[in-house]
Amino acid sequence: MSRAGGRRVADLLTRAGFPSAFVCGDMPQPKRLQAVADLRALALRVLVSSDLTSRGIDVDRVNLVVNLEPPPAPHTYL
């Protein structure tokens with residue numbers, strides 16, 4: 001997913017009533033960590049991400065993961 005596309009998805013979700021943030025590797029580490037902290041604290045309902053989090057993140061109470069664009073290499077899921 002392009003960075004512009006990820007930001008657009010997060011903005012659309014937020015406007016629809018699902019507080020969201022977008023994270024990617026180009027962002028400063030403190031901003032990425034704050035977005036994950038907000039997700040853990042339930043201040044965010046959705047985290048939209050580039051392949052930055054493809055190997056997973058440690059967050060309790062995640063009910064659903066949606067891959068809008070699956071990675072080209074299947075081993076990324078392993």
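The values are calculated or read from the model by the stated rules, or taken from the named source; none is laboratory data. The structure presented is a predicted model; accordingly, all values stated were derived computationally and were not measured. Cβ sites come from the backbone with ideal geometry, for glycine too, and all protein chains shown count toward neighbours.
Just name the residue that is modelled with the highest pLDDT out of those in the stretch 24-54 that are in a loop (DSSP other than H, G, I, E, B) and under 12 Å from the mean Cα position of the chain (by Cα). Please lay out each step first, then the result.
To start, the set of residues in the stretch 24-54 that are in a loop (DSSP other than H, G, I, E, B) comprises 24-28, 41-45, 50, 54.
Narrowing further to those that are under 12 Å from the mean Cα position of the chain (by Cα): 24-25, 44-45, 50, 54.
On the way: C24: 87, G25: 86, L44: 92, R45: 89, S50: 82, S54: 70.
Applying the filter and picking the extreme gives L44.
Cβ contacts < 9 Å: first residue under 21 Å from Q34 (Cβ atoms), restricted to the stretch 59-71; second residue in a loop (DSSP other than H, G, I, E, B) and not charged (D, E, K, R), any location; separation 6+ or different chain. Result?
Pairs found: R61/L42.
Has the stretch 38-45 got at least one residue that is out of contact with any helix residue (DSSP H, G or I) (no Cβ under 7 Å at 6 or more places or on another chain), crowded, with 17+ Cβ neighbours inside 10 Å and among the small types (G, A, S)? Don't jump to the end; show me each part of the working.
Of the residues in the stretch 38-45, the ones out of contact with any helix residue (DSSP H, G or I) (no Cβ under 7 Å at 6 or more places or on another chain) are 38-43, 45.
Those still in the list that are crowded, with 17+ Cβ neighbours inside 10 Å too: 39.
Next cut, among the small types (G, A, S) only: none.
There is no residue in the stretch 38-45 that is out of contact with any helix residue (DSSP H, G or I) (no Cβ under 7 Å at 6 or more places or on another chain), crowded, with 17+ Cβ neighbours inside 10 Å and among the small types (G, A, S).
Could you list, in sequence order, the residues of the stretch 46-66 that are exposed (fewer than 11 other Cβ atoms within 10 Å of the Cβ) and under 27 Å from G17 (Cβ atoms)? Even if it seems obvious, please write down each step before you answer.
So in the stretch 46-66, the residues exposed (fewer than 11 other Cβ atoms within 10 Å of the Cβ) come out as 55-56, 58, 60-61, 63-66.
Listed by number, the residues that qualify are G56, D58, D60, R61, N63, L64, V65, V66.
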